[in-house]
Amino acid sequence: MSLLYRFKEKPGDLIEISRDGPYQHWYFMMEPSSFPLSFPPCQLSGSSGLLSNSNGKVVQEKLTDVVRDDHYQVKNQLDEKYKARDPSVTVKEACAMVGSEPQYNVVTNNCEHFANKMRYGVAESRQVCI
């Protein structure tokens, strides 16, 4: 079975990718089975890179290029807490963000904050506690 068809991801879904280390990587799905939107600094390893403030870059890449051999799943984990925004609105908003370079911080503005902001309008991360 193709990696892209293991799950039924659709526009507006959040994708969690299991990575080595303490953090998972999160993506916002823009088009079915093809291009998620991400905030790549979350892929940094090592405490000095993760804890510093830096500019990230919002990118759109093929899901297979991002996942590689790692496990991934659709994980709209906050659906019971928040109402998901309309995918036609959020995908349009996300497209406009491609190439932007927002400030990155592992505690206050990481890839999970970014993905949840896209889906729910609320920047929240369960991976980090303030």
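Nothing in this text is a laboratory measurement; each read-out follows from the coordinates by a stated rule. This is a predicted model, so every value here is computed, not measured. In this analysis, Cβ positions are derived from the backbone assuming ideal geometry, glycine residues included, and neighbour counts consider all displayed protein chains.
Listed cross-link partners Lys10/Lys57; Lys62/Lys117; Lys57/Lys81 are compared with a 25 Å cut-off, the Cα-Cα value being larger for Lys57/Lys81. Annotation: the residues Met97, Met30, Met118, sorted from fewest to most other C-beta atoms within 10 Å of their own C-beta, follow the order Met97, Met30, Met118.
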